[in-house]
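Please read the structure below before turning to the comments.
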Protein chains: 2
Amino acid sequence: MNQTKVVLSEQEIPRQWYNIIADLPQPMPPVLHPGTKQPIGPDDLAPLFPMELIKQEVSADPWIEIPEPIVEIYRLWRPSPLYRAKRLEQALDTPAKIYYKYEGVSPAGSHKPNTAIAQAYYNKQAGVKRITTETGAGQWGSALSLACNFFGIECKVYMVKISYQQKPYRKSMIRAWGADIVASPSTDTNAGRKVLEQYPDSPGSLGIAISEAVEDAATRDDTKYSLGSVLNHVLMHQTVIGLEAKQQMEIAGDYPDVVIGCVGGGSNFAGLVFPFLKDKFAGQPLRAVAVEPTSCPTLTRGPYAYDFGDEAQMTPLVAMYTLGHNFVPPPIHAGGLRYHGMAPLISHLVRLKIIEAVAYQQLEIFKSGVSFARAEGIIPAPESNHAVHAAIVEALKAKESGQSKTILFNLSGHGHFDMASYDAYFEGRLVDHALPESDIQNALDLIKNYPPVE
Amino acid sequence: MNQTKVVLSEQEIPRQWYNIIADLPQPMPPVLHPGTKQPIGPDDLAPLFPMELIKQEVSADPWIEIPEPIVEIYRLWRPSPLYRAKRLEQALDTPAKIYYKYEGVSPAGSHKPNTAIAQAYYNKQAGVKRITTETGAGQWGSALSLACNFFGIECKVYMVKISYQQKPYRKSMIRAWGADIVASPSTDTNAGRKVLEQYPDSPGSLGIAISEAVEDAATRDDTKYSLGSVLNHVLMHQTVIGLEAKQQMEIAGDYPDVVIGCVGGGSNFAGLVFPFLKDKFAGQPLRAVAVEPTSCPTLTRGPYAYDFGDEAQMTPLVAMYTLGHNFVPPPIHAGGLRYHGMAPLISHLVRLKIIEAVAYQQLEIFKSGVSFARAEGIIPAPESNHAVHAAIVEALKAKESGQSKTILFNLSGHGHFDMASYDAYFEGRLVDHALPESDIQNALDLIKNYPPVE
């Protein structure tokens, strides 16, 4: 294409989400009750989620209508632009064509509001007055605050204490949208108090923050809980990204040979890639590459097994690639990718070899992120740098082989609230982390306690 | 209009800048040499600027062609969206229609790259290898770094030391785009060393930083100097904002009764408003409102007189509204508006009563900024909050009078790098500043030293 970017009109915002479950070549393993080890039903999830979201979680319909009040808010930043990275191609001197979908245009600066708005809407419909959640780096906490603000729902965010201290401006953003935020472990819950009694100086963890948010929601009638990734319905809400990108690639007169996204819980990857997988299921040749950090190599080194979604073992058991629910990843700057497990849907597709997985170190992904920023202007979030790097690797492979290739990746967010990590990179304070085999052995030992995946 | 926003295609990026000088009802007073007090010629500016920019500074042509390499970079974020602030209108329960043009979509997060790209281009054409500039809050320094990076020009930014310490992430951004940045006063220039000898702990000022950047450029053959506001050509480069907005208002089927922008040096205001003033000169009824901080009330309390553009008296004498070149504004958070003078073009138009001026305190503008963020999602820069507040004031006046009214304002940038100021607001640490009459008297005394404006 001759343009730098393809912009769509508001009329072209997708009106349905794509539910990949309807098109899976093999069904997913069931989710198990942690006590009975039997498949759970919708009622088991009712204390935490409104019924409409639970229905979406287990739906087999290929398309789910997006309610108008959600579209009305999507209009504030959607459709997001699709770019042809011409300056990056030039800098790399590659015959490959590189496209990226840019989700950093949302008010929260990432793809996260696509599901936050939907979740807040369904909670509002169900009469929910208050929502709790946890947040690590703050992308999800800020997105949910924005969403709850729009629907007049109270929001309480438990933010991992070390991030609360290191990323003070995500906290300010959450406050600007009127949400309540507390550093976790906090004195507001039993779970938090218990940790503080034993470790008064605890820096917190995502596992502890989840326990606090879940306890808060489970013990109050007016309150539900919300998760920013991993679950089927969350991934489905993100498919507006890929559905728009397909329209935009068509306008550009092109179709990707490879689609790329970074993965932590998996939602931005799924959002871009699932709508393209629909074509792959129908015979379209297409590679889908999930990029994770070497220091949290769930898909590339973890076993596929039943495990808990949280450290405190409060969630159901799900079949997924996992490093064990007690795995604590090294303190890399891509905080959004530091999750021990992976979305069951993505795990399933990797196991079926429909999705490839690859892992990169943080020094190389930051190097690529800076190259991208200097070529394209936009400074990516550290998480997105993983996708940037994988796209550059593909483009350089194309250069080596002399073959043109069309690459599409998801630039899931900007790095305006992550500049401290760029400082660390420029000042040589950033290091790579080698993960010892004993960490993987821990996962293998742990999962022996749970039923094997059929 | 039924849409939330009007987006244009890349083909609709303006191909010419609008030069309001061609349409002025009265000519501007001449710029004077500080020594001879006689009108200066192009050659007097040659040590600091490339000739093409000097030509633009004094041009009387109504339209100046935008070179293709500049448009090519504008495509990365232009055309910027025009929004109808429907949620804000609802929250205010006003019959007024509120529109805003959003310039925060640029990689640097403000309107500043519109001129930075142009200036870097013309310097590159003239064979300039290196550009120096000063920056206060960092918006301008980051925009020029981005622009120099695209054209392979070295860039050195002298950043006011107090800002360098308080806004570390603007510095990181400048570094990400490969520019050199130093806290001012620095040991790199005579001007800086002189200050440091006398005041080793000096927090710096814009005046000192300008002196350093100008000295650096004037003493090196390969180096020129660049300014982010005030000058005619800088304001002209910004007219792409208003030229796009006029197309977008037409698509929306509307025309503003009042156009609003915040003013420090005046460039974002001029960018939106000048193309609309062309219609006003032709008889279109239209109010244009320039909004400044009460603590730096150049247009509303300063005299119109010849004064220097910088504290160190290195610039020519220009006729403008001024608080005196040695005026030090209180430390408000809208750092971009803390300038003692005002663009000569805007000053001239205020004097001719073509533009109105109004001043607001920082507590009220932050209150409006938070209302805006909660209604529209986007968190504005503190500078932009002045325009937001003035738009809300106009909308509430319309509510009171029961008359509909179409309001358009420039949302010149986002507040992602200014969250500390929102923290101060939420925590009650933000205060209003009353400016004593003695400060105004100082300006009146000072300007007696210079020729009166004819």
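One table, with the values for the structure above:
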read-out: Selection count where residues are under 18 Å from the mean Cα position of the chain (by Cα) and open to solvent by 20 Å² or more (accessible area, probe 1.4 Å), scope region A:359-375; value: 2
read-out: Residues of region B:168-180 that turn out to be farther than 17 Å from B:Pro107 by Cβ and within 22 Å of the chain's Cα centre (by Cα), as a count; value: 1
read-out: Region B:265-312, residues that are within 19 Å of B:Pro382 (Cβ to Cβ), among the hydroxyl-bearing types (Ser, Thr, Tyr) and open to solvent by 10 Å² or more (accessible area, probe 1.4 Å); value: B:Thr294, B:Thr300
read-out: So A:Pro34, is it modelled with pLDDT of 95 or more and either more than 18 Å from A:Leu272 (Cβ to Cβ) or more than 14 Å from chain B (Cβ to nearest Cβ) (or both); value: no
read-out: Residue within region A:40-58 that is within 14 Å of chain B (Cβ to nearest Cβ) and outside any helix (DSSP H, G or I) present; value: no
read-out: Top-ranked residue in region B:358-396 [being out of contact with any Gly (no Cβ under 7 Å at 6 or more places or on another chain) and within 14 Å of B:Gly264 (Cβ to Cβ); ranked as nearest to the other protein chains (Cβ to nearest Cβ)]; value: B:Ile365
read-out: Hits in region B:1-31 (condition: acidic (Asp, Glu), within 14 Å of chain A (Cβ to nearest Cβ) and in contact with a Lys or Arg (Cβ under 8 Å, 6 or more places away or on another chain)); value: B:Glu10
read-out: Subset of region B:432-454 (residues that are outside any helix (DSSP H, G or I) and exposed (fewer than 14 other Cβ atoms within 10 Å of the Cβ)); value: B:Ala434, B:Pro436, B:Lys448, B:Asn449, B:Pro452, B:Glu454
read-out: Where B:Leu349 falls short, out of the listed (1) touching a residue at least 60 places away in the same chain (Cβ under 8 Å); (2) closer than 25 Å to B:Pro95 by Cα; value: (2)
read-out: Among (1) open to solvent by 10 Å² or more (accessible area, probe 1.4 Å); (2) under 30 Å from A:Pro331 (Cβ atoms); (3) not assigned by TED's automatic domain parsing to the domain that holds A:Met249, the one test that A:Ala60 misses; value: (2)
read-out: From the options B:Asp201, B:Asp257, B:Asp216, residue that is outside the structural domain of B:Pro285 (by TED's automatic domain parsing) and either in contact with a Leu (Cβ under 9 Å, 6 or more places away or on another chain) or open to solvent by 50 Å² or more (accessible area, probe 1.4 Å) (or both); value: B:Asp201
read-out: Members of region B:376-393 found to be open to solvent by less than 10 Å² (accessible area, probe 1.4 Å) and of a type outside the set (Ser, Thr, Tyr), listed by number; value: B:Glu376, B:Gly377, B:Ile379, B:Pro380, B:Ala381, B:Pro382, B:Asn385, B:His386, B:Ala387, B:Val388, B:Ala390, B:Ala391
read-out: Members of region B:1-42 that are without any contact (Cβ under 8 Å) to a residue 24 or more places away in the chain and open to solvent by less than 40 Å² (accessible area, probe 1.4 Å); value: B:Gly41
read-out: Single residue of B:Ile365, B:Ile379, B:Ile407, B:Ile392 found to be touching a helix residue (DSSP H, G or I) at 6+ places or on another chain (Cβ under 7 Å), among the hydrophobic types (A, V, I, L, M, F, W, C) and closer than 30 Å to B:Gln441 by Cβ; value: B:Ile365
read-out: Selected residue [within 13 Å of chain B (Cβ to nearest Cβ) and surrounded by 24 or more Cβ atoms within 10 Å (Cβ to Cβ)] from A:Ala137, A:Ala147; value: A:Ala147
read-out: Spans of helices (runs of 4 or more DSSP H) in region A:93-206 with at least 3 residues of a type in the set (Ser, Thr, Tyr); value: A:113-125
read-out: Pick from region A:150-198, criterion within 11 Å of another protein chain (Cβ to nearest Cβ) and of a type in the set (D, E, K, R), ranking: least open to solvent (accessible area, probe 1.4 Å); value: A:Arg170
read-out: Residues satisfying the stated conditions in region A:69-119, i.e. under 23 Å from A:Ser404 (Cα atoms) and either hydrophobic (A, V, I, L, M, F, W, C) or assigned by TED's automatic domain parsing to the domain that holds A:Ala137 (or both); value: A:Leu82, A:Ala85, A:Leu88, A:Ala91, A:Leu92, A:Ala96, A:Ile98
read-out: Conditions (1) surrounded by 15 or more Cβ atoms within 10 Å (Cβ to Cβ); (2) in contact with a strand residue (DSSP E or B) (Cβ under 6 Å, 6 or more places away or on another chain); number of the one not met by B:Glu65; value: (1)
read-out: Residues of region A:313-358 satisfying the condition of being assigned to a loop (DSSP other than H, G, I, E, B), aliphatic (A, V, I, L, M) and surrounded by fewer than 23 Cβ atoms within 10 Å (Cβ to Cβ); value: A:Met314, A:Val328, A:Ile332, A:Leu352, A:Ile354
read-out: Count of region B:35-64 residues which are more than 17 Å from B:Asp23 (Cα to Cα) and out of contact with any Pro (no Cβ under 6 Å at 6 or more places or on another chain); value: 17
read-out: Filtered residues of region A:399-415 (kept if at negative phi and surrounded by fewer than 22 Cβ atoms within 10 Å (Cβ to Cβ)); value: A:Lys399, A:Glu400, A:Ser401, A:Gln403, A:Ser404, A:Lys405, A:Thr406
read-out: Inter-residue pairs, beta-carbon under 9 Å, first at the interface with another protein chain (Cβ under 9 Å from one of its Cβ atoms) and in region A:409-423, second of a type in the set (Phe, Trp, Tyr) and part of a strand (DSSP E or B), 6+ apart; value: A:His414/A:Tyr102
read-out: Whichever residue in region A:177-205 is among the hydrophobic types (A, V, I, L, M, F, W, C) and touching a Lys or Arg at 6+ places or on another chain (Cβ under 8 Å) and, among such residues, is farthest from B:Ile379 (Cα to Cα); value: A:Ala183
read-out: Filter result for A:Ile440 (more than 26 Å from A:Thr239 (Cβ to Cβ) and either outside the structural domain of A:Val240 (by TED's automatic domain parsing) or in contact (Cβ under 8 Å) with a residue 24 or more places away in the chain (or both)); value: yes
read-out: Condition met for A:Tyr339 (under 17 Å from the mean Cα position of the chain (by Cα) and free of Cβ contacts under 8 Å to residues at least 40 places away in the same chain); value: no
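Each row is one residue, and each column tells you yes or no for (1) under 23 Å from B:Ser106 (Cβ atoms); (2) open to solvent by less than 30 Å² (accessible area, probe 1.4 Å); (3) within 14 Å of another protein chain (Cβ to nearest Cβ).
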| site | (1), (2), (3) |
| --- | --- |
| A:Ile73 | no, yes, yes |
| A:Arg78 | yes, yes, yes |
| A:Thr94 | no, yes, no |
| A:Val105 | yes, no, yes |
| A:His111 | yes, yes, no |
| A:Asn123 | no, yes, no |
| A:Ala126 | no, no, no |
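The values are calculated or read from the model by the stated rules, or taken from the named source; none is laboratory data. As the structure is a computational prediction, the values presented were derived from the model and not from experiment. Cβ coordinates were reconstructed from backbone atoms using ideal geometry, including for glycine residues, and neighbour counts include every protein chain displayed. Note: areas computed on protein heavy atoms with side chains; ligands, DNA, RNA excluded. Shrake-Rupley method; radii C 1.70, N 1.55, O 1.52, S 1.80 Å.
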